[in-house]
Structure formats: C-alpha cells, structure tokens
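Asks: Below: one structure in structure tokens.
The values are calculated or read from the model by the stated rules, or taken from the named source; none is laboratory data. As the structure is a computational prediction, the values presented were derived from the model and not from experiment. Glycine gets a Cβ as well: all are built from the backbone with ideal geometry, and neighbour counts include every protein chain shown. When the accessible area is computed, the model is the full protein with side chains, heavy atoms only, and any ligands, DNA or RNA have been set aside. Shrake-Rupley method; radii C 1.70, N 1.55, O 1.52, S 1.80 Å.
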Amino acid sequence: MNNEWHVSGLVVQARPEKIPRLVTALLAITDTEIPVQDRPQGKLVVVMQASCSQALLEKIESVRNLDGVLAVSLVYHQQDLQGEVTP
C-alpha cells in the first residue's frame, strides 16, 4: 500500500488570451486547484496533489504541454507519509 502524499505549487505563465481555456483544462486534472489568477498578466498559481512522485511529475508535464503555456515554474514541493505526525 502506498501511503505517500505529494503536493506542489506551480506558477504557470501563459498567453493571456488562452487563460480561460487553460483554467478549464487545469481544473480537469485530478486534485488540481487554481487559488490565484492574474488573467491580464497571464499568470496562474496552481496547486497539484498526487499519491506518488511519478504521478505528480506526469501532471506537471501535462501542464507544460497545454496550448498557450509559456513556462511552468515549480515553487513548492512537499512529500509526507499518510498518517505521519508533523510537529
């Protein structure tokens, strides 16, 4: 049983005119949230979760391949074990 948990925070830079479609495409990815959007500047803050690092990397790569995405920057990553007590 895999009891890992991964979460990452990304900044996605995109063409401003593509933001509405990107938001729809990103929210279609399981366990993905967009807490902050700056549509005029073409910037999104994206939070993704996955049960293993490989799944998380695949999700991040899928973001890079979306039409209109110019850059994806990983700004945060955390890995924990489910049930682990964090002080």
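Asks: Could you check how many residues of segment 62-87 are open to solvent by less than 90 Å² (accessible area, probe 1.4 Å) and either among the small types (Gly, Ala, Ser) or at pLDDT 95 or above (or both)?
Replies: The qualifying residues number 9.
Asks: Against the definition (over 21 Å from residue 4 (Cα atoms) and loosely packed, with under 14 Cβ neighbours inside 10 Å), how does residue 17 come out, yes or no? Give the derivation first.
Replies: Working: over 21 Å from residue 4 (Cα atoms): yes; loosely packed, with under 14 Cβ neighbours inside 10 Å: yes.
Here the answer is yes, as residue 17 does meet what is asked.
Asks: Another question, if that's okay. Tell me the residue from 26, 22 that is in contact with a Ser or Thr (Cβ under 6 Å, 6 or more places away or on another chain) and more than 18 Å from residue 78 (Cβ to Cβ), please.
Replies: None of the other options fit; the residue is 26.
Asks: Additional query: Does residue 24 fit the bill of being among the β-branched types (Val, Ile, Thr) and open to solvent by less than 60 Å² (accessible area, probe 1.4 Å)?
Replies: Criteria not met by residue 24.
Asks: Let me ask something else about it. What tally of residues in segment 32-45 results from selecting those that are open to solvent by 90 Å² or more (accessible area, probe 1.4 Å) and within 13 Å of the chain's Cα centre (by Cα)?
Replies: The total comes to 2.
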